[in-house]
1. Does T45 fit the bill of being hydroxyl-bearing (S, T, Y) and buried (at least 24 other Cβ atoms within 10 Å of the Cβ)?
2. For residues that are under 14 Å from R329 (Cα atoms) and of a type in the set (G, A, S), tally how many sit in the stretch 199-217.
3. Taking L278, is it in the same structural domain as L181 (by the TED database), open to solvent by less than 60 Å² (accessible area, probe 1.4 Å), under 30 Å from A160 (Cα atoms) and not β-branched (V, I, T)?
4. Collect the residues in the stretch 221-280 that are among the charged types (D, E, K, R) and in contact with a Pro (Cβ under 7 Å, 6 or more places away or on another chain), keeping them in residue-number order.
5. Among the listed residues G164, G171, G205, identify the single one that is open to solvent by less than 20 Å² (accessible area, probe 1.4 Å), assigned to a loop (DSSP other than H, G, I, E, B) and touching a residue at least 24 places away in the same chain (Cβ under 8 Å).
6. Is the stretch 210-217 home to any residue that is in contact (Cβ under 8 Å) with a residue 40 or more places away in the chain and touching a Ser or Thr at 6+ places or on another chain (Cβ under 9 Å)?
7. Name the residues in the stretch 237-257 that are of a type in the set (A, V, I, L, M), free of Cβ contacts under 8 Å to residues at least 40 places away in the same chain and open to solvent by less than 30 Å² (accessible area, probe 1.4 Å), would you?
8. It is to be established whether one or more residues within the stretch 46-67 are among the β-branched types (V, I, T), modelled with pLDDT of 95 or more and within 26 Å of R125 (Cα to Cα).
Amino acid sequence: MTVKIGIAGYGLGGRYFHAPFIEAAEGITLGGIVTRSPDRVAQATADFPGVPVFPSLGELIDSGVDAVTITTPPQTRRELVLEAVGRGVHVVADKPFAPDVATASELIAAGDEAGVLLSVFHNRRYDADIRTLKSVLPRLGDIWRVESHFDLDGADTLEAGPTGGLLRDIGAHVVDQMLWLLGPAERVDAHLDYVDRPEGRTDAGFVVNITHRSGVYSTVSSTKVNHLEGRRLRAFGSAGSYVADGTDVQAQALFAGSRPVDDPTGWGLERPERWGVLHTARGPETIPSQRGAYQDYYTEFAAAVAGAGPQPVPARTALGTIAVLAAAREAAETGRTVAVPPVD
């Protein structure tokens, strides 16, 4: 079975982080794109000749797709997810897939009632550096703490206003990575940096500290307005440490005009000079990069739709990230440590 999927929205996310990976994935094909902007219609037509472009989600679904990816702005996602599951199609929702736990639970319940899959596009579980870190964690003994710093020189891409902000954007990714690696959160403290934009006061940088139920402590941080560009990972355990200063290798390739179908075997590999180093009693050991592959998300999703495997990120498992983001915002506003309510 080949799953036919459509994309609702052809902005930065749809064009760079969804369509190229659907194209490269196994068991799935791009069946249509929804966008109304004349410029984006032209982009979609040029990028994927022969793929129909529709002015509405309803018309895309009417064309006969099995699933849709919702990658429109955050304030529009609830209604579009509900429309899609109400029409009986499977859904990939971009992150954050809901503004709060209550809305997330509503969408999950709607998907369950409709009998369709609702997956969240936490694609950065498929980053080269995070995959590599996951592979070395067992060699660190008892894990004490992990630090993840993801800085971008991209003030022009900051989503402003009450539904925007960097915490909801990059924060959703780096928090999800830590929960995926280290388990559910117990409590959170946080700091947010703000800028004033015409759309309103917007967080443009953050530091979030998470105490996990396992006792591991993690720190995630990011900025988009301080003219920094880089990825730094540090992990500390009873048997040693792991340090990596990598690059956002898949995104850099995409924005340079490459697609994963152009180089299937070489895609997503970090340059050897940026590989991480494991430090133990045996001395330092350079760890070859795991391959980053966002297309694997869509391959797994297609298999799940076909009944041949689990979803890559079921929405129910993404509730923890939504809860941590809400707790982090409350912690930053009040200056207190905030307990994260169990959602699993």
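1. Values: hydroxyl-bearing (S, T, Y): yes; buried (at least 24 other Cβ atoms within 10 Å of the Cβ): no.
Answer is no for this residue.
2. 2
3. So L278 does not fit the description; no.
4. Just the residues of the stretch 221-280 that are among the charged types (D, E, K, R), to begin with: 224, 229, 231-232, 234, 245, 248, 259, 262-263, 270-271, 273-274.
Hit for the stretch 221-280 is R259, nothing else.
5. Values: G171 fails: assigned to a loop (DSSP other than H, G, I, E, B); G205 fails: assigned to a loop (DSSP other than H, G, I, E, B).
One residue alone meets the criteria, G164.
6. yes
7. Across the stretch 237-257, the qualifying residue is only A253.
8. no
The values are calculated or read from the model by the stated rules, or taken from the named source; none is laboratory data. All of these numbers come straight from a predicted model, not from anything done at the bench. A quick note on method: Cβ atoms are made from the backbone with ideal geometry, for glycine too, and the neighbour counts reach across all protein chains shown. For accessibility, only protein heavy atoms count, side chains too; no ligands or nucleic acids. Shrake-Rupley method; radii C 1.70, N 1.55, O 1.52, S 1.80 Å.
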